[in-house]
Structures are given as C-alpha cells and as structure tokens.
1. Quickly estimate the mean residue ellipticity at 222 nm for the chain, helices only: each DSSP H run with n ≥ 4 gives -39500 (n - 2.57), and the total goes over all residues, rounded to 500.
2. Starting from the Cα gyration tensor of segment 309-458, take the square roots of the eigenvalues, sort them a ≥ b ≥ c, and report rounded, prolate or oblate (rounded when a/c is under 1.5, otherwise prolate if a/b is larger than b/c, else oblate).
3. Testing the spin-label approximation: label points 7 Å from Cα along Cα→Cβ at residue 464 and residue 79. State their distance in nm.
4. If packing is taken as the average number of other Cβ atoms within 10 Å across a peptide's residues, how do 191-201, 210-220, 152-162 rank, most packed first?
5. Note the full-extension length gain between residue 343 and residue 42 as 0.36 nm times their separation in residues minus their Cα-Cα distance, in nm to one decimal.
6. Starting from the Cα of residue 21, step 7 Å along the direction of its Cβ; do the same at residue 306; then give the gap between the two resulting points in nm.
7. Starting from 0.36 nm per residue, how many nanometres of slack lie between residue 189 and residue 264 once their C-alpha separation is accounted for?
8. Using the Cα gyration tensor of segment 376-419, with a ≥ b ≥ c the square roots of its eigenvalues, what is the shape: rounded (a/c below 1.5), prolate (a/b larger than b/c) or oblate (neither)?
C-alpha cells in the first residue's frame, strides 16, 4: 500500500522540479534560490514528521547540514542582501549569471536527494523488535564495554597528537601546527579520530542514566571545544553536532520548552565561540589566550552571529560552483574514477603509494592543480555535492543523488528501528557510516570511506575481543 504522505511528497517534488525548469532566474535569482532551497528543507521536515513520526533523525540532520553549508550564502544574498555589505561572500567571486545557474542545479540535486531519502524512509513503529530482558541487558552491557574499549584504544593516541598540535598552534601559529600535523603518518591521525565512534557509543549506552549521560556529553564536547582554540574547527564542529544528535535521540524524557531555550542559548554561545576563534587566529603565544576573552565579548556585542554563521559555513557552496561553472565547462566528469581512487584511503599510507593514489581521487586537490578555482579564493574544502558533480556531471549527478538519498533513508530507517528496540550491538555497526556521511557534507569521499571501513573493523574487533566468541542477539518480529 502506498503511503499517502510519501505520495504527497512525490507530487510536491515533481511540481517543484518542473518549476525549477520553467521559471526564469534572470531577475531576482538569489531570492528565488533562497526561497526554493528553504522551501525544500521546510517541506521535508513536515513530511518526514508524518512518515517517520520524528522531528529529528539522521536524515533531517544530514539535510540541515547540507543546507547550511551549501546554501548559507544564498540565504544571505536572497533574503538579507543589506547585511552582506563589507562581508566576504565567496559566491560573489562569480558573475551573478554563473552563480545563479550553478546554484539552480545544486538546488535540484538537493531536492532529488531529499526525495530519495523520503521514499526509503519508514515509520519506526511499523517494525519493532523485542528483546527479552536478559538478552537486552547482555546486549546493553556488551555495548557499553565496547564503547569504553574503543575509547581506551584510540583516544590516548588522539590526546597526544592534539596536545602537541595545540601547543604548537598557540605558541607558533596554526599554520606551523598544520605543517607539523601533515608530517605525521595519516593513518595514525585517523586511528586517533576513531575515538568519536566510541564516544557516540558511550552516549547511547548511558541512556538509562541521564546524569552520567549529560556529564559524558559535557566532558567530551568540552574537549572538542578546546581543540577549536587551536584553529581546527570544521571537523570538531561536526563531531559536536553528532554527539548532541545522539544525546537528543536517546534522551529518555521529553525535552521541555525550558530545555529547548537553554539549548538554543548554548548554541548561540557556541557559534560566538567559533567566530572568536576565527578572529583570534592571527594571535600567538600568551597574547592569543589573553585576547580571546576580549574578542569573545566583542563578537557577542558587535557581530551578527546569524549572518556570520551563514557566511562562514556557506563557503562550501563556492566549491560546488567551481566544479559546475569551471571544471565541467573545461573537462569531462571522471565517471566515478575519482571515487575509486579515493578508496585507496582505506590502506595506510606506508611508503607514500596509497597517499599518491588517494590524492588523485581528491577532487579539491585536482581542482586547484587544474586552476579551476578563482584566484580570489583558493582555500576550498570538500563538498558532497561538488564531488558528485565532479564524478558524474550535471545529468548523472541528479541520478546518483537520488540513489544516495535512498541509501541514506535506509540507514536512517535501520538506525531508527534499532534505537527504538534498544538493540545496541546492531546499532553500533551503523554509527561509523552515520558519522562519515554527516562529515562528507563538507569533506571528500576518501576520508568518509576510510572512517567507515576502519570504524566497522574497530567495532567488530572490539566486540570479538570482549566476548571471545560469536555473539548473537535474538529478536522476534
């Protein structure tokens, strides 16, 4: 039987795509794109709630991040153009015609990805697993021990690397710290970063003890916030979002209005903290720490955090436009070979061979080497939409985005069911993919596939090490 809400959403998407093709964007292009992208997110929220019965889940968080990182500057240009004066808006480094044309395609890609997610989504109560009390407690205990083991094995490595980088960045500057970090074998850094998977497992495993769960969340997030003082923001911002997401998803009690207000206030202070780091980057030594509090007060008083957030994080849309308006007008898409090369990131870069192949698959590196980035802004990062365009071209990217959306919807559906039924061990195998996909929004495929594969191996080996035998949980439909 066809779900009426999925059917209604499909009708909306068909009408939306027809309008995107028929409407002229020559006048008020920024405004129309801001309306179109925002409408996509709002409508998805409504139908996702009707289909899944949840406001926040993996799918909605993914689309929120994709929206902020790719459409942030379009929102400013379309809805608040008067606030963009004296601001570094990287989209303006292109002509308005080229920018609007590319962002129009990016909006279509975003919409079909959301469509694929919706089609493969499912209401969590339609399939509910029931574990016996004894099996549930065994599952829960093993899950918690697995989390602690993963943290114990990987986090000490991360602490050593982060501590050295922090000292170098504070005393000599972030650029020197980055040079030092790049001198370390990459697989060691990646191994340390796998601790985020253990932290996610720990947050979920503490769902029965809300006080310990809150303390764990605060301590872990504080660590990542401290790392941001050294200038490493992007990955740590995503990690904090992921941790908060798992906390909200497993919080036992209903989140009341007062707690929502507190969370919003904390989010505002968090954003102010991030921009304080941006403005403090040029300082080194003791001056960096003494000026930080003054800069933080100045940011809170003088800067519009909303505008700064959309401007700063909306830079990712610039990368996608570079691929569409520059690369694809001069080169053919790689037809997936870039993604295949990126899979070599799974192999530790011993001897430099794997690293060389991985670099061939890094679309951002290839863009800069080919001169397909404007001279006004060279500091590009990764972008999920840009990488899809780079590999599959304009038409192919629409098809691939729909397929990717189907996959994300399936992961969301499975993780929903396992969270609701408290099948922790099975859930742990989905967490590496969830972390990787969310970070892929503004990263490259190689980093995501490496985190997923290494994370899955880490989860499996830790379980086998703890149990010493095959472990199974029995469920009944």
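No value in this document is a laboratory result; all are computed from the given coordinates. Being a predicted model, the structure only gives us computed values, none of them experimental. Because the Cβ atoms are built from the backbone with ideal geometry, glycine has one as well, and the counts that use them run over all protein chains shown.
1. Working: 21 runs with 348 residues, N = 477.
Helix contribution divided over all residues of the chain: -24500 deg cm²/dmol.
2. Numbers: a/c = 2.00, a/b = 1.52, b/c = 1.32.
Prolate.
3. 5.0 nm
4. Working: 191-201: 24.4, 210-220: 15.1, 152-162: 16.9.
For the peptides 191-201, 210-220, 152-162, the packing ranking is 191-201, 152-162, 210-220.
5. Details: separation 301, 0.36 × 301 = 108.36 nm, distance 3.48 nm.
Extra length available between residue 343 and residue 42 comes to 104.9 nm.
6. 3.6 nm
7. Numbers: separation 75, 0.36 × 75 = 27.00 nm, distance 3.27 nm.
Length difference between fully extended and current span is 23.7 nm.
8. oblate
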